[in-house]
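Data first, discussion second: the structure below is written as structure tokens.
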Amino acid sequence: MYSKFIRPLLFLLNPEQVHHLTIRLLRLLDAIPGMRWIIRQLFAYHGPSLEKEVLGMKFPNPIGLAAGFDKNAEIPDMLGAFGFGFVEVGAITPKPQPGNPKPRLFRLPKDRAIINRMGFNNRGMEYAIANLRRRKGNLIVGANIGKNSATPNECAGNDYLKLFRSLYEYVDYFVVNVSCPNVADITELQNKAYISQILEPFFEFRRGQNQYRPVLVKISPDLTWEQIDEIIDVLMNTPLDGLVATNTTSSRKGLTSSEKQVEAIGNGGLSGAPLTDRAIEVIRYLYEKTEGRYPIIGVGGIMTPEDALAMLRAGADLVQVYTGMIYEGPGFVRNICRTLEAEGGSQRPYHTFPHA
């Protein structure tokens, strides 16, 4: 029904408008007693074989919602009712910011892809905290954090530390976003020296807390192998807990959409099917270089249940979807979970080291 009727209607509307309407609708539904339970019966798929322990937490299944959908932490528990094993909110910045000028979100249906240059648009840290304080569920929620666009890179560490300290008691893990192609110069923070400078105060603060919050860094699919090796070196020589691979790409290689259409859209991060192979390639590289000793959250181009399985087999411990849900609808997570269960569930060692 979704692919034949609902999606064609939604795709007639402006994509950012559809996003805002969806958030408002889900907020409205969440205010209705019992609605989460009804949605859970319709879309969630449960099974003990899907449970997985990663980062010291027990996930009901390894399928998460990537950052970018619930930017302001308004509806994480409602989203969990659709069957997600975890939800990542954000990207959250210390101060509210409008993001880049509109239009800034575009569909490429022929490629089953999306281009966005949102620019960390969100209502800021305090608004997100107010929403997180009202949570009543036990869904695992992560915070994707980023610097304000106006903050120069040499001061970025202050933004990240402020977010980390302020959000610490309200979320279960953190993802340091230094790889978004839609914020000016932020990808420069993937430099080993910058990352180390940002992370060290995190670890110092965490050592003084009663609760342990895992910290991961999200990396770009556009990095060279040498640049990825630098990040692996940080991972192996600091208390960093893991990596999220990958963010959106600036590449436009292999698209079937017309060159004229793509040029008219302009800059932005590409997500969806064109990213699948590269994301899996990066995950496999990370897994093999670290001998599978560190958690990896795989994201990028999961458009089918088979894509999710391939990413797990490449070395991901957990995976996240976003664009795939836009194209496949609210039953996407359920379909992935069914496929995983048919393959033996999450307890099965999907990957071994080294790869054949």
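Values in this text are rule-based calculations from the coordinates and carry no lab data. As the structure is a prediction and not an experimental result, all values here were calculated from the model. Reconstructed Cβ throughout: ideal geometry from the backbone, glycine too, with neighbour counts over all protein chains shown.
A few points about this structure:
- Order of THR224, THR304 - criterion: other Cβ atoms within 10 Å of each residue's Cβ, fewest first: THR224, THR304
- Here the contact order of the chain, divided by its residue count and restricted to Cα pairs under 8 Å and six or more residues apart, works out to 18 percent.
- Residues VAL87, VAL178, VAL262 in ascending order of nearby Cβ atoms (within 10 Å, fewest first): VAL262, VAL87, VAL178.
- Antiparallel content of DSSP bridges confined to the chain, in %, to 5: 30 percent
- Packing-based ranking of 327-339, 23-35, 208-220, 240-252 yields 240-252, 327-339, 208-220, 23-35, ordered from highest to lowest mean Cβ neighbour count within 10 Å.
- Ranked for footprinting exposure by Cβ neighbours inside 10 Å, fewest first, ILE6, ILE195 give ILE6, ILE195.
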